[in-house]
Amino acid sequence: MISVKHLTKVYHGHKAVDDVSFEVERGEVVGFLGPNGAGKTTTMRILTGYLAATGGDVKVAGFDVVTESLEVRRRIGYLPESVPLYPDMRVDEYLRFRARIKRLPSRRLRSMVGEVKERCGLQGMGRELIGRLSRGYRQRVGLADALVHDPELLILDEPTLGLDPNQNRQVRDLIGDLANRHTILLCTHILPEVEKTCSRVLIINQGRIVASDTPEQLKLAQATGHRIRVQVKGPASAVENALMTLPHVQSVTVLKDGPWVDARVESAREIDLRSNVFDLVVQEGWLLRELREDNWSLEDVYLNVTGLPNKSGREIQP
Amino acid sequence: MRVFLTLLRREWLAYVYAPSMYWVVVIFLLLMGTSFGMMVHILAEGAATGSVVRMLIGESLFFWLAMLMVVPMITMRQFAEERKLGTVETLLTAPVGDVAIVLAKFSAAWVFFLMLWLPTAAYAWLLARISPESAPIDFSALMTSYIGIAAMGAFFIAIGLLASSLTSNQAVAAVITFAVLCGYFFWGFMPQFGRGVQLQEVGRYTSSLMHMLEFSRGVLDTRPLVFYLSVTLFLLFSTVKVVEAQKWRS
Ligand SMILES: Nc1ncnc2c1ncn2[C@@H]1O[C@H](COP(=O)(O)OP(=O)(O)O)[C@@H](O)[C@H]1O
Ligand SMILES: [Mg+2]
């Protein structure tokens with residue numbers, strides 16, 4: 001559905017997107033992640049034909065985004081990051097206008113506008129002036145617009161930006177529903193959302209793709225070892241040193257000092273240290289209140305590949 | 001065609017919904033009303049020298065003020081507002097050609113401009129009612145004046161549209177348009193003050209002041225009409241190119 005080869009975009013001599021290549025198959029739901037300024041919006045704008053690339057070859061549904069732009073635009077439902085809307089129009093009026101300029105046949109107009117309104121939770125809002133809507137409702141109108149011509153491909157740029165947790169949840173559920181009928185490229189900072197809905201994750205950092213795989217595979221590949229989390233009552237430095245001396249320990253990270261020391265212990269991949277830690281605590285006469293596996297989350301993968309510090313805390317390498 | 005009509009309707013409604021456009025109507029009617037009032041005054045004093053239509057349109061300072069001030073106010077929002085709201089992104093990523101977008105914006109502005117002139121037809125009717133003379137107003141001169149205004153208006157609006165496509169600030173678009181229109185208007189005095197026969201000749205062909213004086217005399221010359229049509233098309237073409245070029249911009 002999407003084929004991007006060696007895409008580059010330069011703004012005033014600054015490379016926002018640098019030799020990016022990826023493919024998205026029909027029916028896939030791909031999460032597009034990366035820190036702010038990584039080049040996600042730029043890539044999406046090039047896919048939708050709003051911006052022209054500096055270099056590279058970009059195709060959507062087999063059509064070139066520059067030379068066959070109209071064909072590409074017909075097939076895309078796009079929700080831009082800022083959710084731009086005309087404040088002087090009413091919701092129904094806007095959706096009908098958008099459906100017409102996206103060439104939805106007249107006979108389907110009424111039913112489609114009704115259907116997308118229902119799917120986006122806009123029933124009864126048809127007469128509202130867009131300029132008076134709250135952020136959450138604006139987001140829904142933007143989504144309804146993206147869906148109104150029943151496009152094959154949805155490109156959603158941070159659809160949950162600025163929503164409260166409740167609205168967030170609703171949009172996430174909606175996207176989950178959409179995943180069955182559309183190919184989706186979804187840019188977001190909400191990693192649990194991605195883990196739940198996306199079959200694949202692309203991570204971009206400073207204009208380059210740094211990871212591309214299913215969330216499970218990424219976690220497996222990035223996880224350098226087996227991690228456990230332990231909370232012990234004892235002198236912090238003694239606890240830290242004692243944990244370090246256990247066999248197979250690769251690193252100990254103290255996440256929190258205080259009477260209760262909260263530490264993360266990492267060992268080689270197949271080795272589960274939980275019983276050893278328990279024995280150690282008993283032997284030293286400390287108290288134990290938590291001892292559990294601490295698997296890699298998508299967030300850890302993300303922080304790791306984008307080169308940001310891996311949570312807070314001191315880290316000691318043996 | 002359906003897409004064009006949809007866009008045109010949207011652009012037209014944007015004018016109708018915009019409160020600022022009522023001010024445009026008010027300013028326009030004040031200026032043209034003043035022009036009419038002065039004409040009636042001159043007629044009443046019996047000091048009239050030229051034709052009535054010419055006093056109302058071609059020679060009136062207020063007529064020219066209306067032409068130069070109202071067009072920038074009509075066109076300034078067209079592209080600048082879309083850029084400011086960001087809606088240019090949804091507009092340009094819809095499967096619509098840039099030509100249709102530019103033509104729809106132009107047509108809506110032009111129709112709005114023409115609508116402004118409708119009430120001025122009432123002046124002629126009013127004059128016919130209050131004047132003791134049998135035929136105070138030359139209706140054919142009024143018609144040719146309207147044709148001239150429509151053609152010149154298209155040209156002025158195309159200038160405004162191009163200016164609006166160059167910025168995301170409406171005020172900047174309005175100032176650029178006003179400056180260009182004023183410059184063009186004063187260029188119209190070239191036939192009188194220009195040096196050299198050639199300059200005077202070019203001046204005569206392009207002077208909006210001369211054109212309007214002729215139109216308001218009831219003379220329908222096709223040369224100025226062809227001139228306005230061709231420069232309008234050229235400006236619209238440039239606007240399409242500007243909109244396209246913005247995809248490549250930085
Ligand atoms: N119109 C623009 N002009 C100049 N630089 C831009 C423009 N848009 C984005 N950039 C720069 O390009 C980089 C990528 O931006 P963007 O694609 O918006 O990132 P993201 O969506 O991942 O946050 C950033 O460094 C940003 O400052
Ligand atoms: Mg972005």
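What are the semi-axes of the equivalent ellipsoid for segment A:169-315, taken as the square roots of 5 times the Cα gyration tensor eigenvalues, largest first, in whole Å?
On the way: eigenvalues 262, 48, 38 Å².
So the equivalent ellipsoid measures 36, 16, 14 Å along its semi-axes.
Mind checking the angle between helix A:106-119 and chain A's longest principal axis? C-alpha axes, 0 to 90 degrees, to the nearest 10.
For helix A:106-119, the angle is close to 30 degrees.
Filter chain B for me: DSSP H helices, axial length by Cα at least 30 angstrom, mean Kyte-Doolittle hydropathy not below 1.0. List them by residue number.
Working: long enough: B:20-45 (38 Å, 1.69); B:139-165 (38 Å, 1.70); B:222-245 (34 Å, 1.32).
Helices passing the filter in chain B: B:20-45, B:139-165, B:222-245.
Roughly how large is the A-B contact in terms of buried accessible area, totalled over both chains, probe 1.4 Å, nearest 100 Å²? All intermediate terms of the calculation are to be shown ahead of the outcome.
Numbers: alone 15470 and 12960 Å², together 25490 Å².
Buried: approximately 2900 Å² between B and A.
If I histogram all Cα-Cα distances within segment A:1-143 using bins 10 Å wide from 0, what percent of pairs lands in each bin?
Computed distribution, short to long bins: 10, 34, 32, 21, 3.
Taking each residue of B:91-101 in turn, how many C-beta atoms of other protein chains fall within 10 Å of its C-beta, and what is the average? Working shown, then result.
Details: counts 5, 7, 15, 14, 13, 5, 2, 1, 0, 1, 1.
Counting other chains' Cβ atoms within 10 Å and averaging over B:91-101 gives 6.
Normalised radius of gyration for the protein assembly as shown, please: alpha carbon Rg relative to 2.2 N^0.38 Å, two decimal places. Spell out each step's value before the answer.
Numbers: Rg = 33.6 Å, N = 568, 2.2 N^0.38 = 24.5 Å.
Dividing the Cα Rg of the protein assembly as shown by 2.2 N^0.38 Å gives 1.37.
Give the average, rounded to an integer, of partner chain Cβ atoms located within 10 angstrom of each Cβ in A:93-105.
Taking the mean over all residues of the peptide, I get 4.
Which angle from 0 to 90°, rounded to the nearest 10, does the C-alpha axis of helix A:165-178 make with the longest principal axis of chain A?
For helix A:165-178, the angle is close to 70 degrees.
In the Gaussian network model of chain A, springs joining C-alpha atoms below 10 Å, which of A:92, A:57, A:294 carries the largest mean-square fluctuation?
Among A:92, A:57, A:294, the largest mean-square fluctuation in the Gaussian network model of chain A belongs to A:294.
Please state the shape class of segment B:53-159: rounded when a/c is under 1.5, otherwise prolate if a/b exceeds b/c and oblate if not, all from the C-alpha gyration tensor. Can you show the working numbers first?
Details: a/c = 3.37, a/b = 2.87, b/c = 1.17.
Note, shape of segment B:53-159 comes out prolate.
Keeping to pairs on different chains or 8 or more places apart, tell me how many lysine pairs in chain A have Cα atoms under 12 Å apart. Before the final figure, lay out the partial values.
On the way: A:5/A:59; A:9/A:40; A:233/A:256; A:256/A:311.
Lysine pairs, 8 or more places apart or on different chains, close enough: 4.
Counting Lys and Arg as +1 and Asp and Glu as -1, each charge on the Cβ, what is the dipole of the protein assembly as shown about the Cα centre in debye, to the nearest 20?
1120
Consider just the alpha-carbon atoms of segment A:78-135 and return their Rg together with their Dmax, both in angstrom.
Cα radius of gyration and Dmax of segment A:78-135 are 11.4, 31 Å respectively.
If you take the charge dipole of segment B:2-249 about its Cα centre, with +1 on Lys and Arg Cβ and -1 on Asp and Glu Cβ, which of B:38, B:178, B:142 is farthest toward its positive end?
Positive-end residue among those listed: B:178.
Under the rule of at least 5 residues apart or a separate chain, name every residue whose amide H is placed under 5 Å from the amide H of residue A:49.
Sorted by chain and number, the residues that satisfy this come to none at all.
Would you calculate the separation in nanometres between label points at residue A:286 and residue A:255, each defined as 7 Å from the Cα along the Cα-to-beta-carbon direction?
For residue A:286 paired with residue A:255, the spin-label model returns 1.5 nm.
Dividing the convex hull volume of the Cα atoms of chain A by its residue count, what figure in Å³ per residue is obtained? Kindly include the intermediate steps, with their values, before the conclusion.
Details: hull volume 51.3 nm³, N = 318.
Convex hull volume per residue, Cα atoms: 161 Å³.
Quickly estimate the mean residue ellipticity at 222 nm for chain A, helices only: each DSSP H run with n ≥ 4 gives -39500 (n - 2.57), and the total goes over all residues, rounded to 500. Walk me through the numbers on the way to the answer.
Values: 11 runs with 111 residues, N = 318.
Theoretical 222 nm ellipticity from helices: -10500 deg cm²/dmol.
How big is the equivalent ellipsoid of segment B:2-249 along its three axes, where each semi-axis is √(5λ) from the Cα gyration tensor, reported in whole Å from largest to smallest?
Working: eigenvalues 234, 92, 46 Å².
For segment B:2-249, the semi-axes come out at 34, 21, 15 Å.
The values are calculated or read from the model by the stated rules, or taken from the named source; none is laboratory data. Since the model is a prediction, treat every value here as computed from it, not as a measurement. Glycine also receives a Cβ, built like all others from the backbone with ideal geometry; neighbour counts cover every protein chain displayed. SASA here: full protein model, heavy atoms, side chains in, ligands and nucleic acids out. Shrake-Rupley method; radii C 1.70, N 1.55, O 1.52, S 1.80 Å.
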